[in-house]
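Reviewing the structure listed below.
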Amino acid sequence: MRVSRLMLVTLRDDPAEAEIPSHKLLLRAGYIRRLSSGIYAYLPLLWRVLQKISAIVRQEMDATGALETLLPQLQPAELWERSGRWAGYTAGEGIMFHLTDRQGRELGLGPTHEEVITTLAADLLRSYRQLPVNLYQIQTKFRDEIRPRFGLMRGREFIMKDAYSFHGDENSLKQTYAAMDLAYRRIFERCGLRTVAVEADSGAIGGSASQEFMVTAEAGEDLILASADGRYAANQERAVSLPPEALPLPAGARAGGIGEPLSTPGQTTIEQLCGAHGFEASQLVKVLLLLARFADGQVQPLLISLRGDQQLNAVKLANAVAARLTPAHGALLAIDPLTAELVRSEQLRLDLRGIPFGYLGPDLDDAVLANTPGAMGLERSESPGGAPGDGGAINPAGVRLIRSFLRLADATAVDLAAFVCGANAVDGHRVGASWPGLGLRPEPLDLRTAQSGDRCLDDPDQCLQAARGIEVGHIFQLGRKYSEALGARFTNESGVEEALWMGCYGIGVSRLAQAAVEQHHDRDGICWPVAIAPFEVIVVIANTQEQAQVELAEALYNELSAAGVEVLLDDRSERAGVKFKDADLIGIPWRVVVGRGAATGQVELVRRAGSEKLELPASAVRARLETELSRGRRLVNGPMTHP
Ligand code: ATP
Ligand code: MG
């Protein structure tokens, strides 16, 4: 390939649209162009990178016995309604692009393919004799991300490898899950990436065990917490830890029961309260008020108690709320903090003036929810959402508020024998309150966010350390959630029908390409790992006016190409300096410079990473490069055999 034919436009300066190094470099070096928010054209150089990554993925998937397939991207809403995900993916987080066709039927553009593949399995799999099977595809996925950013890292249209396995029992699922775990490690290693495998939340996909593969990089959107010995590693969304010890309240301050009143005018934050009275945050119970919105139009107020020095983990909270309430209300669409601003806002129009924000205690009376005077009764007739007399309050937007709190408490708060908390009246707190004293017996839950520095749960001698990561892969043991919902059943060895066991396994192919740049670059540009570089070698003609240089470079280009080396020839009539800068930016692993030495048959060989240089006769270049490239080649050519 000749650079003059490549439509190559490189940029000297960082484009304003890019924030992180890999995004800047892919734009500057002419790998991608942005068409619209989160939508990118993969230019020929990047397409070669994506093809190489895909080839490695295919080899390793095939080696596990998985079969390649290609599934429809237009997916009927009905399938997603049967799995219970249509509302959550459209009205809730709204991540699925969806449309209505000319017949008035609703369709979604595939963000993932559990529904489609399970429908196929229901149709095709009948007997245990057909199991296990594992199908994969490499395909464009669509997700209407709330915040598309960082180029290919979080696109609205991106390339994913997704695989789905079906099994007759859980053991077989676990075996395939383990084989995929191994295959993933090989894929990332062959692509030249340093990754860590971490315990993960299963999110909206559902299921039990799941593990993410993270490329460690400063620009990562995820926070990884890992023990120093690496035996425990988890996404912060999911991580567990031992909380720091709480400081007991001084004996004199213990009242037990409901606690002693303390006047705290204007002290609505933990800092203000501690500052004014000398408390430590771990002596406090803070109470958060949130609203959980469900697919059936109901809104459940949540009253969450946490120890004052702890932070709420939104993912753990959503899981706890969904587990308790989705059977009754359908999908959990969103959880939002109920702030004084939201109460006043036009959108909600709930009159919750009785709620003493900043002074809440865990025993806040449900009556504050019923205490919504004014138009509630009137509005009931305007909204189709609610059946009268069911205890729900309706506002004009059709939101129906359940008039009792779901009270959840983190174990750190439940474990406090005596604590400081709000008095449920403006300008007052209570000192020395206790759970029995407040008439509450909360179940201790894990709702707190584990932090860097916390001790590990299973090895208290180790502390958690934080690192940032880019999620490039995610594997799940789904269990029978989708097969039960979509009727994918088989006849087992005893002749009894049962639901299939299922696993699913994703790799962000386009995200991986950019993550590789995030891990492999320097001041001057990209330094691609050989296995996924768009070309292995770039031959640069220093001066195209010099016939000797042109001839020698062309000869080398032909010789290397014929020998199967992937070579790019920079034949542009630019100044040598410009071409060297571009070569550094584009990041081809090896550069051969044909310059003044051409007259005597001498050229220069430069390794991109590390800039090591060597003068040698042109006649020795091929042998030298073949040796240097063989390591990377070995990785590209042969899949490793699986045990
Ligand atoms: P994230 O938490 O980053 O939003 P996810 O957990 O929703 O990702 P999965 O459903 O597990 O993603 O998808 C499988 C893989 O697809 C991810 O591990 C990631 O590498 C990739 N991926 C997901 N969303 C995007 C996106 N918007 N752009 C690029 N790649 C993505
Ligand atoms: Mg994921």
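Taken together, the values in this text are just the output of simple stated rules run on the coordinates, not laboratory data. Computed from a prediction, not measured in an experiment: that's the story for all the values here. Don't worry about glycine lacking a Cβ; one is built from the backbone with ideal geometry, like all the others, and counts go over all protein chains shown.
Tabulated values for the structure
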read-out	value
For peptides 48-57, 66-75, sequence by mean Cβ density within 10 Å, most packed first	48-57, 66-75
FRET efficiency, ASP123 to ARG102 (Cβ-Cβ, R0 41 Å, nearest 0.05)	0.95
For the stretch 487-577, Kirkwood radius (reciprocal of mean inverse C-alpha pair distance, Å)	17.9
Under 28 Å between alpha carbons - lysine pairs in the chain that sit 8 or more apart or on different chains	24
For the stretch 535-637: relative contact order, % (alpha-carbon pairs under 8 angstrom, 6 or more apart)	28
Between the stretch 106-142 and the stretch 454-497, the Cα center-to-center distance that results, in Å	18
Anisotropy class of the stretch 1-86 from Cα gyration tensor, a/c 1.5 cut	oblate
Nearest 10 degrees, 0 to 90: helix 576-586 Cα axis against the chain principal axis	40
For the stretch 401-440: span of alpha carbons on each principal axis (Å, largest first)	33, 27, 16
Ranked HIS429, HIS521, criterion: other C-beta atoms within 10 Å, fewest first	HIS521, HIS429
Principal axes of the stretch 149-191: Cα extent on each, largest first, Å	40, 24, 12
Net charge contributed by nearby residues that have their C-beta within less than 9 Å of GLN137 (K/R +1, D/E -1)	-1
For peptides 499-510, 448-459, 291-302, sequence by mean Cβ density within 10 Å, most packed first	499-510, 291-302, 448-459
Antiparallel content of DSSP bridges confined to the chain, in %, to 5	80
Normalised convex hull volume, the chain, alpha-carbon set, Å³ per residue	206
Alpha carbon centroid spacing (whole Å) that separates the stretch 536-582 from the stretch 1-77	25
Separation of the ALA209 and ASP336 label points, Cα + 7 Å toward Cβ, nm	3.9
Within the chain: Cβ-based charge dipole about Cα centre, in debye rounded to nearest 20 (Lys, Arg +1; Asp, Glu -1)	1140
For the chain: relative contact order, % (alpha-carbon pairs under 8 angstrom, 6 or more apart)	18
Ranking of HIS474, HIS113 by count of other Cβ atoms within 10 Å, fewest first	HIS474, HIS113
Listed residue (GLY220, PRO327, LEU242) projecting farthest to the positive dipole end of the stretch 212-331, Cβ model	PRO327
Model label zone, MET7; criterion: amide N under 11 Å from point 7 Å along Cα-to-beta-carbon; scope the stretch 38-82	41-45
Length gained when the stretch SER561-VAL426 is fully extended (0.36 nm per residue, less Cα-Cα span)	40.7 nm
Separation of the LEU182 and ARG194 label points, Cα + 7 Å toward Cβ, nm	2.6
